[in-house]
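Below is one structure; the comments refer to it alone.
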Amino acid sequence: MPFTLPSRTPSGPRRRTLLASAAGTLVLAGCSTPESSGDTTGGSPSAADRARARAARDSETLAGHYAAVIAAHPALAERLRPLRAEVVRHAQAFGSADGRPGVSSSASPSVSASASASALPSASPGVPAKPKDALGDLASAERTLADERTKALLEVPGELARLLASVAAAGAAHAFLLTEGAK
């Protein structure tokens, strides 16, 4: 018996076409957000400036958390230093602690020092005694920050949204790397 096609072909677009269109629309919407939409008058910082400064502070705090774990568990230092260095670069990409965007790579020691100093007391009052627990805390902090940055994507202009998305993806990868080896 030969195979026959159904007599009625579905009308309208296919599911794949709709999903591709929706994804494309979201990408275009994120890229075309006007830069001045968050600006306010009176010299107050724009929403983008506030988001950039918050992201820089969050990265500095996270770098301090890494530094605290490295200090408490020197055996983890080799594993954590590259991840911490990435977090410090993220803080630089978002700007310095005073909100200036585009801190140069020559500012790495000052960002590292300020990240350690500002984050040690607040980010990790007590690093867990077990290295596995300390890694779990770092992974949780990375995941939480990645989720917050992902949620903030819709509220910031295009370039900053792309930077937030990239850093959020890096944070999710860090969380994976921290938990994968801990098993």
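The values are calculated or read from the model by the stated rules, or taken from the named source; none is laboratory data. Please read all numbers here as calculations on a predicted model, not as lab measurements. Ideal geometry is used to build each Cβ from the backbone, glycine not excepted, and the neighbour counts take in all protein chains shown. The area values use the complete protein model at the heavy-atom level, side chains included, leaving out ligands, DNA and RNA. Shrake-Rupley method; radii C 1.70, N 1.55, O 1.52, S 1.80 Å.
Here are the numbers:
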| read-out | value |
| --- | --- |
| Residue order for E155, E142, E86 - accessible surface, 1.4 angstrom probe, largest first | E155, E86, E142 |
| Inter-label distance for A129 and K151, nm, one decimal - labels placed 7 Å from Cα along Cα-to-Cβ | 3.4 nm |
| Largest to smallest accessible area among F176, F94 [probe 1.4 Å] | F176, F94 |
